[in-house]
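Below is one structure, written out as structure tokens; the observations come after it.
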Amino acid sequence: MLKAVRQAHEHQDTPPITALIPQARREQGLTQRELADLLCEISQNDSVTREEVSRWERGKRIPGPYWRAWISAALDVPHTEVDRAAVLERECRRSRTEDHSH
């Protein structure tokens with residue numbers, strides 16, 4: 001129980017990554033395509049597309065550690081916050097799955 005309370009406290013100011021990415025992207029004045037292009041440019045890896053950014057924002061995929069580091073740089077969000085947002089989304093996803101299995 002204490003662990004759950006501690007985790008909830010750690011996350012209270014961090015939205016899940018499905019909310020963090022579009023919020024930060026809009027604050028930077030970027031479209032999904034522009035964010036994808038920026039990620040490709042700064043990472044020198046052209047494997048991310050607008051569709052992938054959309055999947056991250058809709059919760060269909062959670063960006064892995066590699067892309068989270070670049071998302072942090074591109075959107076000017078602390079890396080620890082991006083990582084926490086991904087963990088929070090994973091926890092939310094897990095609890096939704098558990099709710100449906102009962």
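The values are calculated or read from the model by the stated rules, or taken from the named source; none is laboratory data. The structure presented is a predicted model; accordingly, all values stated were derived computationally and were not measured. Every residue, glycine among them, receives a Cβ derived from its backbone with ideal geometry; neighbour counts consider all protein chains shown.
Do any residues in region 82-102 that are under 21 Å from residue 69 (Cβ atoms) and surrounded by fewer than 15 Cβ atoms within 10 Å (Cβ to Cβ) have Cβ atoms under 9 Å from those of residues that are charged (D, E, K, R) and at pLDDT 90 or above, where the two are at least six apart or on different chains, and which pairs are they?
Every condition considered, no pair remains.
Write out, first by first residue and then by second, each pair whose Cβ atoms fall under 6 Å of each other, whose residues are 6+ apart or on separate chains, and whose first residue, in region 16-45, is in contact (Cβ under 8 Å) with a residue 12 or more places away in the chain and more than 15 Å from residue 82 (Cβ to Cβ) while the second is among the small types (Gly, Ala, Ser) and surrounded by fewer than 21 Cβ atoms within 10 Å (Cβ to Cβ).
Filtered contacts from region 16-45: 32/54.
Would you point out which residue out of 48, 77, 53 is farther than 22 Å from residue 97 by Cα, crowded, with 19+ Cβ neighbours inside 10 Å, without any contact (Cβ under 8 Å) to a residue 24 or more places away in the chain and not charged (D, E, K, R)?
Details: 77 fails: without any contact (Cβ under 8 Å) to a residue 24 or more places away in the chain; 53 fails: without any contact (Cβ under 8 Å) to a residue 24 or more places away in the chain.
Matching residue, one of 48, 77, 53: 48.
Only one of 55, 68, 26 is at pLDDT 95 or above and in contact with a helix residue (DSSP H, G or I) (Cβ under 9 Å, 6 or more places away or on another chain). Can you tell me which?
Just a single option satisfies the conditions, and that option is 68.
I'd like the full set of residues that are among the hydrophobic types (A, V, I, L, M, F, W, C), more than 13 Å from residue 19 (Cα to Cα) and under 10 Å from the mean Cα position of the chain (by Cα), limited to region 57-86.
The answer is 67, 71.
If I go through region 11-43 residue by residue, how many of them are closer than 11 Å to residue 75 by Cα, assigned to a loop (DSSP other than H, G, I, E, B) and polar (S, T, N, Q)?
Within region 11-43, residues that are closer than 11 Å to residue 75 by Cα, assigned to a loop (DSSP other than H, G, I, E, B) and polar (S, T, N, Q) number 1.
Among the residues in region 51-73, are any part of a loop (DSSP other than H, G, I, E, B) and β-branched (Val, Ile, Thr)?
So far as region 51-73 goes, yes, one or more of its residues are part of a loop (DSSP other than H, G, I, E, B) and β-branched (Val, Ile, Thr).
Looking only at residues in region 33-45 that are of a type outside the set (D, E, K, R) and surrounded by 15 or more Cβ atoms within 10 Å (Cβ to Cβ), which one is nearest to residue 21 (Cα to Cα)?
By that ranking, first place goes to 35.
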